[in-house]
Amino acid sequence: MSAANAAIPAGETARSWRMDLVAALLATLVVVVVNAHAGFPELTNAGGDNDSLLQLVQVRDLLGGQGWFDMHQYRMGPEGGFVMHWSRLLDAPLALGILVMSALTGSRPLAEQIVQVAWPALLFWLTLFFTVRAARSVGGAGAVLPAVVVGAAAYHFIGIYSPGSLDHHNVQVMLTMASLSLLLDAPARNWMALPAGVCAALTLAIGMESAPYAGTIGALVAVLFLVDGVRERQIARNFGFGFAGVSALVFVTTVPMSAWGQAQCDAFSIAQFVVAAIAGIGLAASASIDAVASRWQRRLLAIGLLAATLAAVVVVAFPQCLAAPYAGLDPRLKELWLDHIDEAQSLFTLLVHKPASVAARYATPLLAIVVMALRLAHGGRRRQDSLVGALLIVAFLVSAWEIRGSTFSIGFAVIPLSAWIARWRRRVEVSPSRSVSLRMVAAWLLSVNALWAGTATAMSSAFEPVKADDAGVDRNCESKASFAALAGQPGTTVLAISNLGSPILAYTGHRVFSGPYHRNIAGNLLALDAFLGSDADARAIVESHHVGLVAVCRGSVESQLLAEKAPKGFLAGLIDGRVPEWLEPVAESRGAPIELYRVREGG
């Protein structure tokens, strides 16, 4: 495969890149037109995407003068706010886009809407392009059309590229797919390994969710170098330099000098930088030294020492990062918040509570694993298949632990499935028959994740029919219109459930205690103490923290959960219509999805 790629003329490679870019662009335009025809509903109803709303708030704060290194979210949590674990790397392009669009349109709100549409569309295009490139590397030119169709459908329906999706998940998928695609092309163009390392470092720096994939990619490069030192030497060297160099650049540009010695396990810090620098420089050095690279025994020794050094550094210097991500979370927050976050649930939990929806997340990745295993069994352990297969398996295992990993596994699955479809298309061309044609159609249908998702949705609807009275009602309080009455109130601190936290910050000028973020422990516990406690407990918190409004979303699953947890508590009383004397209903919110209660003067 490497020799074949190396023989491809540069002009032909450039033409294939242009063709893949155009094909991905056309599919992206189709998706944008579909969203436009629907009126971009996500811009006025985020559908519970709290992260994208808070990302927009974070960008607004940056444009409003908040310091580059100041990651506080001052309007959420107790007085003084709390420090977010997100990266400024994503804030920068979003802020720049809003500034440019504001200059062109003369309107900041319009500029924000343009960026909310354009940014996810751009990432959709790039992700699909790199997916198509990866499919071409694995399945040949015949896999391009299946990759465009199957990939576009998959990325569209998983929702992370919808208008308004500003959080980091779509960026991480794009960068990971870019790193994989560039490594697949690297045997023909060794320099591509350098940007592959850059992309792997960037996806890690943006969020720790992609650490398993960045780590797997780095390990795969090292293993390939060990197995084939002649062909993989330059690739390993370039990848290592790109990975280490960008990690250093990210560290000095996003971490304040005062925090250079502070290890954070949930954000890019000295811990991630040291590991990335040692791994990247160690790999590059091993590939650069002739005495090491020339013999497999010495390559094995060098890579073994590098792995042992990395393990020792983590165990000795950063042992806290070996614990589970939420090991230190307060038990009440785990019970009443973490255990009810959909994307944080395991495959086992999904099987027990929502078995019909398992197909939407796991069917195509599992099918792709089977397809890839058959390819390896019949065609030998080809370099391309091994790279894709290893990443696919890692992503599937992560998704079995937490559902959020399925956004990666569904994307990786497109590559072998597209090659599978291409193989059946070739068979139809060579020996057309009804049997072969039907098998090709079956391969197409089984590879489309949207088909599995639609089936899962239909089954869920059959078991949980939507009541006619609920049609058109914003029961979960996710629409921007539901916050209009709250936005019209004078600025104050609002006592609300965690799922209302980000929308309140995005749609109003108020501040809140609670929000679905693991670092906001004090603010989340404060809200829980108020809602689960008695009226007197809530009043004490309201008075001591100068709360001016209480917001209640009766239909929210979170509100119902808290009311069931403490049926005689403050929130349960408000839901049942028992309003203490120190609160007064806000008339304009009566009967609305979000009902407001104003704290009386002196109350």
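The values are calculated or read from the model by the stated rules, or taken from the named source; none is laboratory data. All of these numbers come straight from a predicted model, not from anything done at the bench. No Cβ is skipped: glycine too gets one built from the backbone with ideal geometry, and neighbour counts run over all protein chains shown. Only protein heavy atoms, including side chains, enter the accessible area calculation; ligands, DNA and RNA are left aside. Shrake-Rupley method; radii C 1.70, N 1.55, O 1.52, S 1.80 Å.
For the stretch 477-488, what are the residues that are open to solvent by 70 Å² or more (accessible area, probe 1.4 Å) and out of contact with any strand residue (DSSP E or B) (no Cβ under 7 Å at 6 or more places or on another chain)?
Here is the first cut: in the stretch 477-488, the ones open to solvent by 70 Å² or more (accessible area, probe 1.4 Å) are 480-481.
Correct list: 481 only.
For the stretch 201-217, how many residues meet the condition of being of a type outside the set (A, V, I, L, M) and crowded, with 24+ Cβ neighbours inside 10 Å?
Here is the first cut: in the stretch 201-217, the residues of a type outside the set (A, V, I, L, M) are 203, 207, 209-210, 212-213, 215-216.
Cutting the leftovers down to crowded, with 24+ Cβ neighbours inside 10 Å gives us 203, 210, 213.
Selection size over the stretch 201-217: 3.
I'm trying to understand the selection: among the residues of the stretch 376-390, which are modelled with pLDDT under 90 and either closer than 27 Å to residue 403 by Cβ or touching a Lys or Arg at 6+ places or on another chain (Cβ under 9 Å) (or both)? Walk me through it before giving the result.
So in the stretch 376-390, the residues modelled with pLDDT under 90 come out as 376-382.
Answer for the stretch 376-390, where residues must be modelled with pLDDT under 90 and either closer than 27 Å to residue 403 by Cβ or touching a Lys or Arg at 6+ places or on another chain (Cβ under 9 Å) (or both): 376, 382.
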In the stretch 359-396, which residues are part of a helix (DSSP H, G or I) and without any contact (Cβ under 8 Å) to a residue 24 or more places away in the chain?
370, 373, 374, 376, 377, 378, 379
Does residue 224 satisfy being part of a helix (DSSP H, G or I), within 21 Å of residue 187 (Cα to Cα) and open to solvent by less than 40 Å² (accessible area, probe 1.4 Å)?
yes
Please go through the stretch 545-562 and pick out each residue that is open to solvent by 10 Å² or more (accessible area, probe 1.4 Å) and within 31 Å of the chain's Cα centre (by Cα).
554, 555, 557, 558, 560, 561
Scanning the stretch 87-110 residue by residue, the ones that are assigned to a helix (DSSP H, G or I), closer than 30 Å to residue 201 by Cα and open to solvent by less than 30 Å² (accessible area, probe 1.4 Å) total 7
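Take the residues in the stretch 131-180 that are in a helix (DSSP H, G or I) and aromatic (Phe, Trp, Tyr), then tell me which one is farthest from the chain's Cα centre (by Cα).
Filtering the stretch 131-180 down to residues in a helix (DSSP H, G or I) leaves 131-139, 141-158, 169-180.
Narrowing the set further to residues that are aromatic (Phe, Trp, Tyr) leaves 155, 157.
Details: 155: 12, 157: 14 Å.
Checked the stretch 131-180; the qualifying residue farthest from the chain's Cα centre (by Cα) is 157.
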Contact list please: Cβ distance under 9 Å, first residue in the stretch 249-278 and of a type in the set (Asp, Glu), second residue outside any helix (DSSP H, G or I) and open to solvent by less than 50 Å² (accessible area, probe 1.4 Å), pairs at least six apart or on different chains.
266/85; 266/207; 266/518
Which numbered condition residue 293 misses (of (1) at pLDDT below 95; (2) surrounded by fewer than 18 Cβ atoms within 10 Å (Cβ to Cβ); (3) hydrophobic (A, V, I, L, M, F, W, C)):
(2)
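Could you go through the stretch 64-86 and let me know if any residue there is outside any strand (DSSP E or B), of a type in the set (A, V, I, L, M) and open to solvent by 30 Å² or more (accessible area, probe 1.4 Å).
Filtering the stretch 64-86 down to residues outside any strand (DSSP E or B) leaves 64-71, 74-75, 77-81, 84-86.
The next check asks that each one be of a type in the set (A, V, I, L, M); those that pass are 71, 84.
So of that shortlist, the ones also open to solvent by 30 Å² or more (accessible area, probe 1.4 Å) come out as none.
Among the residues of the stretch 64-86, not one is outside any strand (DSSP E or B), of a type in the set (A, V, I, L, M) and open to solvent by 30 Å² or more (accessible area, probe 1.4 Å), which makes the answer no.
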Here the residues within the stretch 306-321 that are under 26 Å from the mean Cα position of the chain (by Cα), within 18 Å of residue 280 (Cβ to Cβ) and either β-branched (Val, Ile, Thr) or open to solvent by 50 Å² or more (accessible area, probe 1.4 Å) (or both) are 314
Single match in 491, 472, 454 (criterion: in a helix (DSSP H, G or I) and either open to solvent by 10 Å² or more (accessible area, probe 1.4 Å) or modelled with pLDDT under 95 (or both))
454
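Restricting attention to the stretch 389-402, and to residues there that are of a type in the set (A, V, I, L, M, F, W, C) and open to solvent by 10 Å² or more (accessible area, probe 1.4 Å), which single residue is nearest to residue 379 (Cα to Cα)? Spell out how you get there, then give the answer.
Applying the first criterion (of a type in the set (A, V, I, L, M, F, W, C)) to the stretch 389-402 yields 390-398, 400-401.
Checking which are open to solvent by 10 Å² or more (accessible area, probe 1.4 Å) leaves us with 390, 393-394, 396-398, 400-401.
Working: 390: 16, 393: 19, 394: 22, 396: 23, 397: 25, 398: 27, 400: 28, 401: 31 Å.
By that ranking, first place goes to 390.
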Are there any pairs, at least 6 apart or on different chains, whose C-beta atoms fall under 8 Å, with the first in the stretch 529-558 and in contact (Cβ under 8 Å) with a residue 40 or more places away in the chain and in a helix (DSSP H, G or I) and the second among the hydroxyl-bearing types (Ser, Thr, Tyr) and open to solvent by less than 50 Å² (accessible area, probe 1.4 Å), and if so, which?
558/498
Reported set for the stretch 136-152 where residues are within 13 Å of residue 417 (Cα to Cα) and among the aliphatic types (A, V, I, L, M) is 138, 143, 144, 145, 147, 148, 149, 150
Go through the stretch 495-544 and report how many residues are within 17 Å of residue 53 (Cα to Cα), of a type in the set (A, V, I, L, M) and surrounded by 23 or more Cβ atoms within 10 Å (Cβ to Cβ).
6
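Could we say that residue 572 is in contact (Cβ under 8 Å) with a residue 12 or more places away in the chain, among the small types (Gly, Ala, Ser) and either open to solvent by 20 Å² or more (accessible area, probe 1.4 Å) or assigned to a helix (DSSP H, G or I) (or both) here?
Working: in contact (Cβ under 8 Å) with a residue 12 or more places away in the chain: no; among the small types (Gly, Ala, Ser): yes; either open to solvent by 20 Å² or more (accessible area, probe 1.4 Å) or assigned to a helix (DSSP H, G or I) (or both): yes.
It is false that residue 572 is in contact (Cβ under 8 Å) with a residue 12 or more places away in the chain, among the small types (Gly, Ala, Ser) and either open to solvent by 20 Å² or more (accessible area, probe 1.4 Å) or assigned to a helix (DSSP H, G or I) (or both).
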Restricted to the stretch 346-371, and to residues that are among the hydroxyl-bearing types (Ser, Thr, Tyr) and under 14 Å from residue 405 (Cα atoms), which residue is modelled with the lowest pLDDT?
346
One residue from 514, 498, 589 being in contact with an Asp or Glu (Cβ under 8 Å, 6 or more places away or on another chain), touching a residue at least 12 places away in the same chain (Cβ under 8 Å) and within 18 Å of residue 74 (Cα to Cα)
498
Of the numbered conditions (1) over 28 Å from residue 85 (Cα atoms); (2) touching a strand residue (DSSP E or B) at 6+ places or on another chain (Cβ under 7 Å), residue 564 satisfies every one except a single condition; which is it?
(2)
Among the residues in the stretch 342-353, are any acidic (Asp, Glu), surrounded by 13 or more Cβ atoms within 10 Å (Cβ to Cβ) and in contact (Cβ under 8 Å) with a residue 24 or more places away in the chain?
yes
Note down all Cβ pairs under 6 Å where the first residue falls in the stretch 74-85 and is small (Gly, Ala, Ser), the second is open to solvent by less than 30 Å² (accessible area, probe 1.4 Å) and part of a loop (DSSP other than H, G, I, E, B), and they're at least six residues apart or on different chains.
77/520
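Determine whether residue 166 is among the hydrophobic types (A, V, I, L, M, F, W, C), open to solvent by less than 20 Å² (accessible area, probe 1.4 Å), touching a Pro at 6+ places or on another chain (Cβ under 8 Å) and more than 19 Å from residue 386 (Cβ to Cβ). I'd like the intermediate steps shown before the answer.
Working: among the hydrophobic types (A, V, I, L, M, F, W, C): yes; open to solvent by less than 20 Å² (accessible area, probe 1.4 Å): yes; touching a Pro at 6+ places or on another chain (Cβ under 8 Å): yes; more than 19 Å from residue 386 (Cβ to Cβ): yes.
When the stated conditions are applied, residue 166 passes them.
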